[in-house]
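The values are calculated or read from the model by the stated rules, or taken from the named source; none is laboratory data. Because the structure is predicted, anything quoted here is derived from the model rather than measured. A quick note on method: Cβ atoms are made from the backbone with ideal geometry, for glycine too, and the neighbour counts reach across all protein chains shown. We work out accessible area using only protein heavy atoms, side chains counted, and drop any ligands, DNA or RNA first. Shrake-Rupley method; radii C 1.70, N 1.55, O 1.52, S 1.80 Å.
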Amino acid sequence: MPSSKLKQFGLVMTGVVAGVMISLNFSANADKTALAPLPVEELRAFADVFNAIKQGYVEPVDDKKLVTHAISGMLSGLDPHSAYLDAEAFKDLQVGTQGEFGGLGIEVGMEDGFVKVVSPIEDTPAFRAGVKAGDLIVKLDDTPVKGMSLNDAVKRMRGKPKTDITLTIMRKGEVRPVIVTLTREVIKVQSVKSKVVEPGYGYLRVAQFQENTASSVVTHLQKLAKDGELKGLVLDLRNDPGGLLHGAVGVAAAFLPVNTLVVSTDGRTEDAKREFRASSDDYLRGSRDDFLRALPKWARDVPMVVLVNGGSASASEIVAGALQDHKRAVIMGTQSFGKGSVQTILPLNNTTAIKLTTARYYTPSGRSIQAKGIEPDIVVEESTNGSAKRIREADLDGHLGNDRDPEAERKAREAQDAQGAAEDEAAQAARFEQAGKDDYQLGQAINLLKGLQIVQNKK
(Lines give C-alpha, C1' and ligand atoms only; values in the text may rest on other atoms or scores of the structure.)
Protein backbone atom coordinates (compact mmCIF):
# COMPACT_ATOMS: atom_id res chain seq x y z
CA MET A 1 0.00 0.00 0.00
CA PRO A 2 1.34 3.46 -0.81
CA SER A 3 2.87 5.20 2.17
CA SER A 4 1.10 8.42 1.14
CA LYS A 5 -2.04 7.02 2.76
CA LEU A 6 -0.49 7.32 6.19
CA LYS A 7 -2.82 9.73 7.95
CA GLN A 8 -1.82 9.72 11.59
CA PHE A 9 1.51 9.27 13.25
CA GLY A 10 2.68 8.79 16.82
CA LEU A 11 4.90 6.89 19.17
CA VAL A 12 3.19 3.77 20.41
CA MET A 13 2.62 3.79 24.15
CA THR A 14 4.87 6.74 24.84
CA GLY A 15 2.20 8.49 26.81
CA VAL A 16 3.61 11.69 25.32
CA VAL A 17 1.13 14.52 25.17
CA ALA A 18 1.20 14.92 21.40
CA GLY A 19 0.35 18.55 21.44
CA VAL A 20 2.32 21.63 22.20
CA MET A 21 2.32 21.64 25.96
CA ILE A 22 4.99 23.22 28.12
CA SER A 23 4.84 22.43 31.82
CA LEU A 24 6.16 25.22 34.01
CA ASN A 25 5.94 23.24 37.24
CA PHE A 26 3.96 20.68 39.18
CA SER A 27 2.36 22.72 41.92
CA ALA A 28 1.30 20.64 44.91
CA ASN A 29 -1.63 22.79 45.88
CA ALA A 30 -3.39 25.81 44.55
CA ASP A 31 -3.41 28.85 46.80
CA LYS A 32 -6.45 28.23 48.99
CA THR A 33 -5.99 31.36 51.07
CA ALA A 34 -7.23 33.74 48.39
CA LEU A 35 -10.41 32.12 47.10
CA ALA A 36 -12.45 34.30 44.78
CA PRO A 37 -16.07 34.98 45.75
CA LEU A 38 -18.44 32.42 44.25
CA PRO A 39 -20.93 33.63 41.60
CA VAL A 40 -24.17 32.60 43.30
CA GLU A 41 -26.53 33.16 40.34
CA GLU A 42 -24.33 31.23 37.92
CA LEU A 43 -23.93 28.36 40.37
CA ARG A 44 -27.69 28.25 40.81
CA ALA A 45 -28.02 27.89 37.03
CA PHE A 46 -25.45 25.08 37.12
CA ALA A 47 -27.43 23.34 39.86
CA ASP A 48 -30.63 23.66 37.81
CA VAL A 49 -28.96 22.07 34.76
CA PHE A 50 -27.44 19.34 36.93
CA ASN A 51 -30.85 18.58 38.43
CA ALA A 52 -32.57 18.56 35.03
CA ILE A 53 -30.08 16.02 33.70
CA LYS A 54 -30.41 13.82 36.77
CA GLN A 55 -34.20 13.81 36.55
CA GLY A 56 -34.92 13.82 32.84
CA TYR A 57 -31.99 12.46 30.81
CA VAL A 58 -32.92 9.34 28.84
CA GLU A 59 -30.53 7.18 30.89
CA PRO A 60 -29.26 7.48 34.46
CA VAL A 61 -26.01 9.48 34.72
CA ASP A 62 -23.46 9.14 37.52
CA ASP A 63 -22.89 12.30 39.59
CA LYS A 64 -19.11 12.01 39.30
CA LYS A 65 -19.34 11.80 35.52
CA LEU A 66 -21.42 14.99 35.32
CA VAL A 67 -19.09 16.95 37.58
CA THR A 68 -16.02 15.69 35.72
CA HIS A 69 -17.51 16.80 32.39
CA ALA A 70 -18.36 20.18 33.90
CA ILE A 71 -14.78 20.68 35.09
CA SER A 72 -13.41 19.55 31.74
CA GLY A 73 -15.67 21.95 29.84
CA MET A 74 -14.81 24.83 32.16
CA LEU A 75 -11.10 24.41 31.41
CA SER A 76 -11.28 23.56 27.69
CA GLY A 77 -13.40 26.64 27.13
CA LEU A 78 -10.58 28.91 28.28
CA ASP A 79 -8.00 28.17 25.58
CA PRO A 80 -6.75 25.17 23.56
CA HIS A 81 -4.12 24.17 26.14
CA SER A 82 -5.96 24.28 29.47
CA ALA A 83 -7.47 20.90 30.31
CA TYR A 84 -8.69 18.51 32.98
CA LEU A 85 -6.42 15.48 33.34
CA ASP A 86 -8.16 12.36 34.53
CA ALA A 87 -6.13 9.59 36.14
CA GLU A 88 -5.04 8.11 32.80
CA ALA A 89 -4.17 11.45 31.19
CA PHE A 90 -2.26 12.60 34.29
CA LYS A 91 -0.26 9.38 34.31
CA ASP A 92 0.45 9.70 30.59
CA LEU A 93 1.71 13.24 31.13
CA GLN A 94 4.12 12.15 33.84
CA VAL A 95 5.31 9.15 31.82
CA GLY A 96 5.82 11.26 28.70
CA THR A 97 8.01 13.82 30.42
CA GLN A 98 10.14 11.06 31.95
CA GLY A 99 10.67 9.42 28.56
CA GLU A 100 9.88 5.89 29.75
CA PHE A 101 6.82 3.70 29.23
CA GLY A 102 5.73 0.10 29.31
CA GLY A 103 5.15 -1.16 25.80
CA LEU A 104 6.41 -2.82 22.64
CA GLY A 105 8.64 -0.20 21.05
CA ILE A 106 7.11 0.65 17.67
CA GLU A 107 6.20 3.87 15.91
CA VAL A 108 2.80 3.52 14.30
CA GLY A 109 0.24 5.28 12.15
CA MET A 110 -3.19 4.45 10.75
CA GLU A 111 -3.76 3.27 7.18
CA ASP A 112 -7.02 1.99 5.69
CA GLY A 113 -8.36 1.34 9.17
CA PHE A 114 -5.38 -0.74 10.29
CA VAL A 115 -2.40 0.09 12.48
CA LYS A 116 0.65 0.50 10.27
CA VAL A 117 4.14 0.03 11.65
CA VAL A 118 6.25 3.04 10.70
CA SER A 119 9.38 1.84 12.44
CA PRO A 120 10.37 -0.51 15.26
CA ILE A 121 12.58 1.10 17.89
CA GLU A 122 15.96 -0.58 18.14
CA ASP A 123 16.52 -3.12 20.94
CA THR A 124 12.85 -3.39 21.94
CA PRO A 125 10.46 -6.39 21.99
CA ALA A 126 9.04 -5.46 18.57
CA PHE A 127 12.50 -5.02 17.04
CA ARG A 128 13.79 -8.33 18.39
CA ALA A 129 10.66 -10.18 17.23
CA GLY A 130 11.23 -9.04 13.66
CA VAL A 131 8.36 -6.55 13.35
CA LYS A 132 9.08 -4.51 10.21
CA ALA A 133 8.28 -1.08 8.88
CA GLY A 134 5.22 -1.33 6.65
CA ASP A 135 3.62 -4.20 8.59
CA LEU A 136 -0.15 -3.84 9.06
CA ILE A 137 -1.40 -4.92 12.47
CA VAL A 138 -4.88 -6.34 11.90
CA LYS A 139 -5.57 -7.89 15.30
CA LEU A 140 -4.52 -7.25 18.90
CA ASP A 141 -4.92 -10.48 20.82
CA ASP A 142 -8.39 -11.59 19.68
CA THR A 143 -9.68 -8.09 18.89
CA PRO A 144 -9.77 -6.91 15.24
CA VAL A 145 -8.15 -3.51 14.69
CA LYS A 146 -10.48 -2.51 11.84
CA GLY A 147 -12.69 0.30 13.09
CA MET A 148 -10.51 0.96 16.13
CA SER A 149 -9.04 4.45 16.60
CA LEU A 150 -5.29 4.88 16.79
CA ASN A 151 -5.58 6.00 20.42
CA ASP A 152 -7.57 2.88 21.31
CA ALA A 153 -5.00 0.69 19.60
CA VAL A 154 -2.19 2.47 21.46
CA LYS A 155 -3.96 1.93 24.79
CA ARG A 156 -4.31 -1.79 24.08
CA MET A 157 -0.64 -2.18 23.20
CA ARG A 158 0.52 -0.12 26.14
CA GLY A 159 0.70 -1.97 29.45
CA LYS A 160 2.69 -3.16 32.40
CA PRO A 161 6.13 -4.66 31.72
CA LYS A 162 6.29 -8.48 31.65
CA THR A 163 2.75 -8.81 30.29
CA ASP A 164 2.09 -10.38 26.88
CA ILE A 165 0.16 -9.32 23.80
CA THR A 166 -0.28 -11.16 20.50
CA LEU A 167 -0.14 -9.22 17.22
CA THR A 168 -1.59 -10.54 13.98
CA ILE A 169 0.28 -8.89 11.11
CA MET A 170 -0.26 -8.67 7.37
CA ARG A 171 3.11 -8.30 5.64
CA LYS A 172 3.86 -7.58 2.03
CA GLY A 173 5.14 -10.72 0.32
CA GLU A 174 3.62 -13.06 2.92
CA VAL A 175 0.60 -15.14 1.92
CA ARG A 176 -0.51 -15.85 5.47
CA PRO A 177 -0.72 -13.54 8.49
CA VAL A 178 2.35 -13.33 10.69
CA ILE A 179 1.49 -13.92 14.35
CA VAL A 180 3.90 -12.80 17.06
CA THR A 181 3.52 -12.75 20.83
CA LEU A 182 5.48 -9.98 22.50
CA THR A 183 6.28 -9.36 26.15
CA ARG A 184 6.03 -5.70 27.11
CA GLU A 185 9.12 -4.01 28.53
CA VAL A 186 10.09 -0.60 29.86
CA ILE A 187 10.88 1.40 26.73
CA LYS A 188 13.10 4.45 26.93
CA VAL A 189 12.35 7.07 24.30
CA GLN A 190 15.39 8.85 22.94
CA SER A 191 14.57 12.55 22.81
CA VAL A 192 18.02 13.36 21.37
CA LYS A 193 19.77 11.89 18.35
CA SER A 194 22.94 12.91 16.56
CA LYS A 195 25.31 12.02 13.76
CA VAL A 196 28.21 13.44 11.79
CA VAL A 197 26.76 14.56 8.45
CA GLU A 198 30.14 15.30 6.90
CA PRO A 199 33.62 15.43 8.42
CA GLY A 200 33.61 18.40 10.80
CA TYR A 201 29.84 19.04 10.61
CA GLY A 202 27.49 17.62 13.22
CA TYR A 203 23.74 17.10 13.35
CA LEU A 204 21.85 17.22 16.67
CA ARG A 205 18.13 16.43 16.76
CA VAL A 206 15.88 17.19 19.75
CA ALA A 207 12.51 15.49 19.27
CA GLN A 208 10.95 16.55 22.58
CA PHE A 209 12.03 18.20 25.83
CA GLN A 210 11.96 15.65 28.64
CA GLU A 211 13.54 15.37 32.09
CA ASN A 212 16.92 14.21 30.78
CA THR A 213 16.99 15.95 27.39
CA ALA A 214 19.53 18.64 28.29
CA SER A 215 21.98 16.17 29.82
CA SER A 216 21.55 13.94 26.75
CA VAL A 217 22.48 16.89 24.55
CA VAL A 218 25.81 17.17 26.38
CA THR A 219 26.47 13.45 25.91
CA HIS A 220 25.75 13.67 22.18
CA LEU A 221 27.95 16.76 21.77
CA GLN A 222 30.82 14.80 23.32
CA LYS A 223 30.27 11.94 20.87
CA LEU A 224 30.05 14.26 17.85
CA ALA A 225 33.49 15.66 18.51
CA LYS A 226 35.29 12.46 19.45
CA ASP A 227 37.50 12.90 16.36
CA GLY A 228 38.08 16.62 16.94
CA GLU A 229 36.21 19.89 17.31
CA LEU A 230 33.36 20.57 14.91
CA LYS A 231 33.43 23.30 12.27
CA GLY A 232 29.66 23.64 12.37
CA LEU A 233 26.58 22.23 14.10
CA VAL A 234 22.94 21.90 12.99
CA LEU A 235 20.40 21.84 15.83
CA ASP A 236 17.20 20.33 14.45
CA LEU A 237 14.02 21.42 16.27
CA ARG A 238 11.63 20.66 13.42
CA ASN A 239 8.40 18.94 14.48
CA ASP A 240 9.45 19.25 18.13
CA PRO A 241 6.16 19.91 20.00
CA GLY A 242 7.82 21.16 23.19
CA GLY A 243 7.89 19.67 26.66
CA LEU A 244 9.45 20.78 29.94
CA LEU A 245 10.56 24.35 30.48
CA HIS A 246 13.71 23.51 32.45
CA GLY A 247 14.69 21.13 29.64
CA ALA A 248 14.51 23.98 27.14
CA VAL A 249 16.52 26.26 29.42
CA GLY A 250 19.16 23.55 29.83
CA VAL A 251 19.52 23.00 26.08
CA ALA A 252 19.81 26.74 25.44
CA ALA A 253 22.35 27.01 28.27
CA ALA A 254 24.59 24.50 26.48
CA PHE A 255 25.18 27.07 23.73
CA LEU A 256 24.97 30.41 25.59
CA PRO A 257 27.28 32.14 28.08
CA VAL A 258 26.61 31.37 31.73
CA ASN A 259 23.76 33.37 33.30
CA THR A 260 22.48 34.64 29.95
CA LEU A 261 18.72 35.33 29.89
CA VAL A 262 16.93 32.50 28.06
CA VAL A 263 13.24 33.32 28.55
CA SER A 264 10.94 35.31 30.80
CA THR A 265 7.34 34.65 31.78
CA ASP A 266 4.59 36.99 32.89
CA GLY A 267 1.13 36.30 34.29
CA ARG A 268 -1.29 37.45 36.97
CA THR A 269 0.36 35.73 39.94
CA GLU A 270 3.78 36.49 41.37
CA ASP A 271 4.95 32.93 40.65
CA ALA A 272 4.22 33.53 36.95
CA LYS A 273 6.55 36.55 36.76
CA ARG A 274 9.99 35.04 36.33
CA GLU A 275 13.24 35.14 34.40
CA PHE A 276 15.02 31.91 33.44
CA ARG A 277 18.74 32.10 32.75
CA ALA A 278 21.55 29.83 31.62
CA SER A 279 22.16 28.99 35.25
CA SER A 280 22.08 25.67 37.10
CA ASP A 281 19.44 27.16 39.41
CA ASP A 282 17.05 27.28 36.46
CA TYR A 283 17.84 24.15 34.43
CA LEU A 284 18.49 21.62 37.21
CA ARG A 285 15.48 20.13 38.95
CA GLY A 286 15.91 17.67 41.79
CA SER A 287 19.57 17.04 40.89
CA ARG A 288 22.77 18.56 42.19
CA ASP A 289 24.92 17.14 39.42
CA ASP A 290 25.44 19.92 36.88
CA PHE A 291 25.75 18.07 33.58
CA LEU A 292 26.98 21.21 31.78
CA ARG A 293 30.30 20.85 33.57
CA ALA A 294 31.03 18.09 31.06
CA LEU A 295 30.14 20.32 28.10
CA PRO A 296 32.85 20.42 25.40
CA LYS A 297 34.55 23.82 25.40
CA TRP A 298 33.82 24.42 21.70
CA ALA A 299 30.02 24.06 22.18
CA ARG A 300 29.43 27.69 23.09
CA ASP A 301 31.42 28.99 20.09
CA VAL A 302 30.80 26.54 17.24
CA PRO A 303 28.93 28.09 14.27
CA MET A 304 25.30 26.95 14.46
CA VAL A 305 22.18 26.69 12.34
CA VAL A 306 18.87 25.93 14.03
CA LEU A 307 16.19 24.32 11.86
CA VAL A 308 12.52 25.08 12.64
CA ASN A 309 9.19 24.58 10.90
CA GLY A 310 5.47 24.81 11.60
CA GLY A 311 5.74 21.80 13.89
CA SER A 312 8.29 23.50 16.16
CA ALA A 313 6.36 24.69 19.19
CA SER A 314 6.59 25.88 22.78
CA ALA A 315 9.88 24.73 24.35
CA SER A 316 11.54 24.43 20.94
CA GLU A 317 10.48 28.02 20.20
CA ILE A 318 12.01 29.11 23.50
CA VAL A 319 15.37 27.65 22.49
CA ALA A 320 15.23 29.02 18.94
CA GLY A 321 14.13 32.46 20.18
CA ALA A 322 16.94 32.66 22.75
CA LEU A 323 19.64 31.63 20.28
CA GLN A 324 18.23 34.06 17.71
CA ASP A 325 18.00 37.05 20.06
CA HIS A 326 21.55 36.55 21.32
CA LYS A 327 22.75 36.11 17.73
CA ARG A 328 24.21 32.76 18.71
CA ALA A 329 22.77 30.85 15.76
CA VAL A 330 21.17 31.37 12.37
CA ILE A 331 17.53 30.27 12.42
CA MET A 332 16.59 28.53 9.16
CA GLY A 333 13.44 26.90 7.85
CA THR A 334 9.83 28.08 7.99
CA GLN A 335 7.81 29.97 10.58
CA SER A 336 7.23 28.01 13.79
CA PHE A 337 3.92 27.09 15.43
CA GLY A 338 3.47 30.10 17.70
CA LYS A 339 2.67 28.70 21.14
CA GLY A 340 3.87 31.30 23.60
CA SER A 341 1.88 30.32 26.67
CA VAL A 342 2.87 28.43 29.80
CA GLN A 343 0.78 25.71 31.44
CA THR A 344 1.06 24.84 35.12
CA ILE A 345 0.07 21.37 36.32
CA LEU A 346 -2.06 21.60 39.48
CA PRO A 347 -2.76 18.17 41.02
CA LEU A 348 -6.25 17.87 42.51
CA ASN A 349 -5.37 14.65 44.34
CA ASN A 350 -2.96 11.77 43.84
CA THR A 351 -4.49 10.72 40.52
CA THR A 352 -6.01 13.74 38.74
CA ALA A 353 -4.92 17.28 37.93
CA ILE A 354 -5.69 20.34 35.85
CA LYS A 355 -3.43 21.87 33.24
CA LEU A 356 -3.98 25.63 33.45
CA THR A 357 -2.53 28.39 31.28
CA THR A 358 -0.91 30.73 33.79
CA ALA A 359 1.50 32.92 31.83
CA ARG A 360 2.88 34.03 28.49
CA TYR A 361 6.56 33.66 27.77
CA TYR A 362 8.87 36.13 26.06
CA THR A 363 12.20 35.85 24.29
CA PRO A 364 15.23 37.65 25.77
CA SER A 365 14.49 40.77 23.68
CA GLY A 366 10.91 40.83 24.97
CA ARG A 367 9.15 39.35 21.94
CA SER A 368 5.95 37.40 22.41
CA ILE A 369 5.71 34.36 20.17
CA GLN A 370 2.04 33.71 20.95
CA ALA A 371 -0.02 33.18 17.76
CA LYS A 372 2.99 34.41 15.78
CA GLY A 373 5.93 32.02 16.03
CA ILE A 374 9.63 32.38 15.35
CA GLU A 375 10.43 33.99 12.03
CA PRO A 376 13.53 32.35 10.51
CA ASP A 377 16.55 34.49 9.65
CA ILE A 378 16.68 32.56 6.38
CA VAL A 379 13.49 31.08 4.97
CA VAL A 380 14.10 27.67 3.40
CA GLU A 381 11.12 25.58 2.34
CA GLU A 382 10.91 21.90 3.23
CA SER A 383 11.51 20.93 -0.39
CA THR A 384 12.18 22.60 -3.71
CA ASN A 385 8.40 22.40 -4.30
CA GLY A 386 7.50 24.28 -1.14
CA SER A 387 6.30 23.27 2.30
CA ALA A 388 3.30 21.44 3.68
CA LYS A 389 0.48 23.58 5.00
CA ARG A 390 0.17 23.10 8.76
CA ILE A 391 -2.22 24.08 11.51
CA ARG A 392 -0.66 26.68 13.80
CA GLU A 393 -1.58 28.25 17.12
CA ALA A 394 -3.38 31.10 15.36
CA ASP A 395 -5.69 28.54 13.71
CA LEU A 396 -6.85 27.02 17.02
CA ASP A 397 -10.26 28.03 18.36
CA GLY A 398 -10.05 30.11 21.52
CA HIS A 399 -6.30 30.72 21.36
CA LEU A 400 -4.74 33.55 23.35
CA GLY A 401 -3.91 36.74 21.49
CA ASN A 402 -0.45 38.24 21.28
CA ASP A 403 -0.32 40.97 23.93
CA ARG A 404 2.73 42.70 22.42
CA ASP A 405 1.96 42.43 18.71
CA PRO A 406 -1.77 42.83 17.93
CA GLU A 407 -1.05 42.16 14.26
CA ALA A 408 0.73 38.88 15.01
CA GLU A 409 -2.07 36.62 13.78
CA ARG A 410 -2.43 38.44 10.47
CA LYS A 411 1.33 38.38 9.92
CA ALA A 412 1.51 34.68 10.77
CA ARG A 413 -1.24 33.83 8.29
CA GLU A 414 0.37 35.94 5.58
CA ALA A 415 3.68 34.17 6.16
CA GLN A 416 1.94 30.81 5.98
CA ASP A 417 0.14 31.74 2.76
CA ALA A 418 3.47 32.76 1.23
CA GLN A 419 5.15 29.55 2.32
CA GLY A 420 4.51 27.67 -0.87
CA ALA A 421 1.76 25.54 -2.29
CA ALA A 422 -0.26 23.62 0.24
CA GLU A 423 -0.06 19.84 -0.07
CA ASP A 424 -2.97 17.49 0.50
CA GLU A 425 -3.15 15.26 3.56
CA ALA A 426 -1.63 12.25 1.85
CA ALA A 427 1.31 14.25 0.53
CA GLN A 428 2.00 15.68 3.97
CA ALA A 429 2.10 12.20 5.49
CA ALA A 430 4.65 10.98 2.95
CA ARG A 431 7.15 13.73 3.59
CA PHE A 432 10.91 13.27 3.73
CA GLU A 433 12.80 11.57 6.54
CA GLN A 434 14.53 14.10 8.75
CA ALA A 435 18.30 13.92 8.34
CA GLY A 436 17.78 11.54 5.42
CA LYS A 437 19.19 11.87 1.91
CA ASP A 438 16.17 13.91 0.75
CA ASP A 439 16.30 16.41 3.62
CA TYR A 440 16.55 19.63 1.62
CA GLN A 441 16.63 21.98 4.62
CA LEU A 442 19.48 20.08 6.29
CA GLY A 443 21.46 20.25 3.07
CA GLN A 444 21.01 24.02 2.92
CA ALA A 445 22.03 24.34 6.58
CA ILE A 446 25.29 22.47 5.94
CA ASN A 447 25.95 24.63 2.87
CA LEU A 448 25.50 27.76 5.00
CA LEU A 449 27.89 26.47 7.66
CA LYS A 450 30.51 25.70 4.99
CA GLY A 451 30.10 29.22 3.64
CA LEU A 452 30.58 30.69 7.11
CA GLN A 453 33.73 28.59 7.50
CA ILE A 454 35.13 29.95 4.23
CA VAL A 455 34.43 33.52 5.31
CA GLN A 456 36.05 32.92 8.70
CA ASN A 457 39.17 31.41 7.09
CA LYS A 458 39.61 34.48 4.89
CA LYS A 459 39.69 36.85 7.83
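Using heavy-atom solvent-accessible surface (probe 1.4 Å) with all chains present, what is the largest-first order of Ser149, Ser279?
Details: Ser149 50, Ser279 25 Å².
Result of the area sort, largest leading: Ser149, Ser279.
Once fully extended, how much extra length lies between Val455 and Asp152, figured as 0.36 nm per residue of separation less the alpha-carbon to alpha-carbon distance? Write out the running numbers ahead of the final one.
On the way: separation 303, 0.36 × 303 = 109.08 nm, distance 5.44 nm.
Residue separation times 0.36 nm, minus the Cα-Cα distance, leaves 103.6 nm.
Rounded to whole Å, give me the distance from the Cα center of the stretch 380-410 to that of the stretch 185-254.
26 Å
If you put +1 on each Lys and Arg Cβ and -1 on each Asp and Glu Cβ, how big is the dipole of the stretch 101-186 around its Cα centre, in Debye rounded to 20? Don't skip to the end; give the middle numbers.
Details: 14 positive and 12 negative charges, 28 e Å.
It works out to roughly 140 debye.
Below 29 Å, Cα to Cα, which lysines can Lys450 reach? Residues fewer than 8 away in the same chain don't count.
Of all the lysines, those that pass the test against Lys450 - Cα under 29 Å, at least 8 places apart if same chain - are Lys193, Lys195, Lys223, Lys226, Lys231, Lys297, Lys327, Lys437, Lys458, Lys459.
With the Cα gyration tensor of the stretch 173-223 giving a ≥ b ≥ c as the square roots of its eigenvalues, does the rule (a/c under 1.5 for rounded; else a/b larger than b/c for prolate; else oblate) give rounded, prolate or oblate?
Working: a/c = 4.01, a/b = 1.80, b/c = 2.22.
Since a/c reaches 1.5 but b/c is at least a/b, the shape of the stretch 173-223 is classed as oblate.
Which of the peptides 323-329, 35-41, 237-243, 446-452 is most tightly packed, and how do the rest follow, going by the mean number of other Cβ atoms within 10 Å of each residue?
Values: 323-329: 19.1, 35-41: 7.1, 237-243: 25.9, 446-452: 16.7.
Output ranking for 323-329, 35-41, 237-243, 446-452: 237-243, 323-329, 446-452, 35-41.
Which lysines, on any chain, are close to Lys91 with Cα under 18 Å apart, when same-chain ones fewer than 8 places away are left out?
Excluding near neighbours in sequence, the set is Lys155, Lys160, Lys188, Lys355.
What accessible area per residue comes out for the stretch 320-415, rounded to a whole number of Å², with a 1.4 Å probe?
Numbers: 3820 Å² over 96 residues.
About 40 Å² of surface per residue is accessible.
Using only the Cα atoms of the stretch 169-268, build the gyration tensor, take square roots of its eigenvalues as a ≥ b ≥ c, and label the shape rounded, prolate or oblate: rounded if a/c is under 1.5, else prolate if a/b is larger than b/c, else oblate.
Judged from the Cα gyration tensor, the stretch 169-268 comes out oblate (a/c at least 1.5, b/c at or above a/b).
Could you order the peptides 303-315, 261-273 from most to least packed, using the average number of other C-beta atoms within 10 Å per residue?
On the way: 303-315: 27.5, 261-273: 16.6.
By packing density, highest mean first, the sequence is 303-315, 261-273.
When the solvent-accessible surface of protein heavy atoms is calculated with a 1.4 angstrom probe, in what order do Val319, Val330 fall, highest first?
On the way: Val319 0, Val330 40 Å².
Solvent-accessible surface, decreasing: Val330, Val319.
Keeping all protein chains in place and using 1.4 angstrom, which order do Val218, Val67, Val49, Val58 fall into by accessible surface area, from largest down?
Values: Val218 5, Val67 65, Val49 85, Val58 120 Å².
Ranked from most to least accessible, the order is Val58, Val49, Val67, Val218.
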